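In what follows, a structure is listed as structure tokens, so that the remarks can point back to it.
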Amino acid sequence: MLALECDKSAGYVEITLDGGINAEEYQSVITAIDDALKTHDKLNLVGVLRDFGHVEWSVWPKDLVFHATHRDWMKHVAIVSDMGWVAPTMRIFAPFYAAEIRCFPAAQLDEARAWARTGSIKRAAD
């Protein structure tokens, strides 16, 4: 299950992964991010990874396109997980993103949220 909480006015997105990802869930997350980016140059993100399960095949190419076309959309990224492989993996991929990325254990979810909420960048008035 992929769940989303989005505060568009604050430029804040929280995504929780607890199991697999289907195409409908994935698309709803992408749509919410794109909607929030209409008013913000960058968003602050909390990613809560509880369990990683099956990802529908149709999601993979969409995710590759998303990452290729959204290279500079994050300001602060807090990754929250007790899975031992998550933090080392984030350290490998962090240099590919123009964002400040920190990892937190699940017990520090509130601290991760507070840290991630700092630094929203509003889009300049057109």
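The values are calculated or read from the model by the stated rules, or taken from the named source; none is laboratory data. Everything numeric in this text was worked out from a predicted model, so none of it was measured. Positions of Cβ are backbone-derived with ideal geometry, glycine not excepted, and every protein chain shown enters the neighbour counts. Surface areas here come from the heavy atoms of the whole protein model, side chains and all, with no ligands, DNA or RNA. Shrake-Rupley method; radii C 1.70, N 1.55, O 1.52, S 1.80 Å.
Computed quantities for the displayed model
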quantity: For Ala23, net neighbour charge (Lys/Arg +1, Asp/Glu -1) across residues whose Cβ lies under 14 Å away; calculated: -3
quantity: Contact order relative to length of the chain, as percent, for alpha carbon pairs under 8 angstrom and 6 or more apart; calculated: 28
quantity: Amide H contacts of Tyr12 (H built 1.01 Å from N, under 5 Å, at least 5 apart or other chain); calculated: Asp7, Asn44
quantity: Convex hull of Cα atoms in the chain, direction-averaged projection (nm²); calculated: 7.4
quantity: J(HN,Hα) series, the range 52-58, from Karplus relation 6.51 cos²θ - 1.76 cosθ + 1.60, nearest Hz, glycine and proline x; calculated: 10, x, 5, 10, 4, 4, 5
quantity: Karplus 3J(HN,Hα) series, Hz, for the range 2-12 with 6.51 cos²θ - 1.76 cosθ + 1.60 (x for Gly, Pro); calculated: 10, 10, 9, 10, 9, 10, 4, 5, 8, x, 10
quantity: Estimated [θ] at 222 nm from DSSP helical runs (n ≥ 4, -39500 (n - 2.57)) normalised by residues in the chain, nearest 500; calculated: -9500 deg cm²/dmol
quantity: Net charge of Cβ neighbours under 13 Å - reference His54; Lys, Arg +1; Asp, Glu -1; calculated: -4
quantity: Derived scalar couplings ³J(HN,Hα) [the range 102-117; Karplus, 6.51 cos²θ - 1.76 cosθ + 1.60; whole Hz; x for Gly, Pro]; calculated: 10, 10, 9, x, 4, 5, 10, 4, 5, 5, 5, 4, 4, 4, 5, 6
quantity: Nonlocal amide H pairs with Ile101, under 5 Å, H built at 1.01 Å; calculated: Val77
quantity: Portion, in percent, of the accessible area of the range 43-126 that falls on carbon or sulfur, probe 1.4 Å; calculated: 61
quantity: Electrostatic dipole magnitude of the chain [Cβ: Lys, Arg +1; Asp, Glu -1; Cα centre; debye, to 20]; calculated: 480
quantity: Amide hydrogen neighbours beyond the local backbone of Val55, cut-off 5 Å, H modeled; calculated: Ile21
quantity: Per residue accessible area in Å² of the range 1-91, where ligands, DNA and RNA are left out and the probe is 1.4 Å; calculated: 51
